[in-house]
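Since every read-out is calculated from the coordinates, none of them should be taken as a lab result. Fair warning: this is a prediction, and the values are worked out from it, not measured in the lab. Every residue, glycine as well, gets a Cβ built from its backbone with ideal geometry; the counts of neighbours run over all protein chains shown.
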Amino acid sequence: MKSIIPIFIALCFFQLSTAQEMPYKGPDEFLIGERQVPQVLLMGTWHFAYPGLDEHKTREEDKINIFTPKRQKELQELLDYVAQFKPTKIIVESGANTGYLMNRYRRWKKGEEELYANERDQVGIRLMDQLGLDTIYGCDAWGLLGDLHDKIGDSEADQYIKRVGDRHYFGGKDEWMKRYKEWYVYSDKQMPHNTLLENFLYLNQDKVIDRYFGAYISGGQFDSEAFEGPDALSMFWMNRNLRIFHKIQQLDIQDDDRVLILFGAGHVGILRWLYECSPRYELVEFDSLNDFTVR
């Protein structure tokens, strides 16, 4: 009897290992197969012009002046780094004003005006010019909550939307928001001591991007007694980024396109998740461009 037990155990392990060697086919064997899909590079940024519209505001002494000779030299290094992706389309955080962006580009090329400090001009327009592209796309959108908030009536549903709308900025003074503030202030102080490329490589790390989104769900306005916090997040910030994703989908993007998407870093956590989930695109990591090969 004792001699049978080891044989029985061995047979069980054999059956288990055999079962593990028969995996399912991956979903992309059905959804993509040998097809080519557009490649997407997400480039999270801070707002070069520091408009002060976000909950956290950078102190004056920590701001980077993009127009100094040092920063302009670093900017070219950054553009050359991103140019290795050889984008065929560039999309920036701007409204439905591609015509406005192109007019600015033409006036700049004619020497009629200088580019603004913002990243749309300094990165988007300058990279478009460097690569010889013929257009740049603005694909920003406003969230559903903002649309509804402008049409408030007296009904119970309208008043709930108003209460939810008053929370959409997602700030707060609780312990988690204090920790986030400490991180933001530290990052602001570090950035002037690094090159633009070093700052972008830091800003676009997976963990950094994830934690930026984490600010929306870790405390502050999200921690409501009922569902006002989750409702505000889903109807404003999540919805806004879904609308941005949808607007980009509506562009004439071909299977062989390489699409650069330049948006505030707070957007990238959601956008990256959307592009990772969709089989319609291949996501390229920002820190991989030195090894990137155009297919």
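What the table below lists for this structure:
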item: Acute angle (nearest 10 degrees) that the helix 4-20 long axis makes with the longest principal axis of the chain, alpha-carbon atoms; result: 30
item: Helix-only CD estimate at 222 nm, as mean residue ellipticity for the chain, using -39500 (n - 2.57) per DSSP H run (n ≥ 4); result: -13000 deg cm²/dmol
item: Relative contact order of the chain, defined on C-alpha pairs under 8 angstrom at six or more residues apart (%); result: 36
item: Cα-based helix-to-principal-axis angle, 156-165 vs the chain, degrees rounded to 10; result: 80
item: Translational D in µm²/s for region 84-143 (Stokes-Einstein at 10 °C, 1.306 mPa s, Kirkwood Rh from C-alpha pairs); result: 135
item: Whole-number Å³ per residue for the convex hull built on Cα positions in region 77-200; result: 169
item: Modelled FRET efficiency - R0 30 Å, R211 with A49, Cβ distances, 0.05 increments; result: 0.80
item: Rg/Rg_globular for the chain, with Rg_globular taken as 2.2 N^0.38 Å and Rg from C-alpha atoms; result: 1.25
item: Using a Förster distance of 30 Å, the FRET efficiency for Y186-E282 (Cβ separation, nearest 0.05); result: 0.30
item: Residue-by-residue Karplus 3J(HN,Hα) for region 276-283, coefficients 6.51, -1.76, 1.60, Hz, glycine and proline x; result: 5, 6, 7, x, 7, 9, 10, 8
item: V40 long-range amide H proximity, modeled H, under 5 Å; result: V259, E282, L283, V284
item: Charged-residue dipole, Cβ positions (Lys, Arg, Asp, Glu), region 39-291 about Cα centre, Debye nearest 20; result: 580
item: HN-Hα J in Hz across region 48-63 - Karplus 6.51, -1.76, 1.60, θ = phi - 60°, x for Gly and Pro; result: 4, 8, 6, x, x, 8, 8, 4, 8, 10, 6, 5, 4, 6, 9, 6
item: In sequence order, calculated HN-Hα J values of region 23-28 (Karplus, 6.51, -1.76, 1.60; Hz; x Gly/Pro); result: x, 5, 5, x, x, 6
item: Globularity index of region 130-275, i.e. its alpha-carbon radius of gyration over 2.2 N^0.38 Å; result: 1.23
item: Choice from F222, F48, F67 showing the highest fluctuation, given a GNM over the chain with Cα pairs closer than 10 Å; result: F67
item: Too-long pairs where the Cα-Cα distance tops 31 Å, listed order kept, from K86/K207; K173/K207; K109/K207; K162/K207; K151/K247; K89/K110; result: K109/K207; K162/K207
item: Alpha-carbon spread of region 194-295, three principal axes, descending order, Å; result: 51, 37, 19
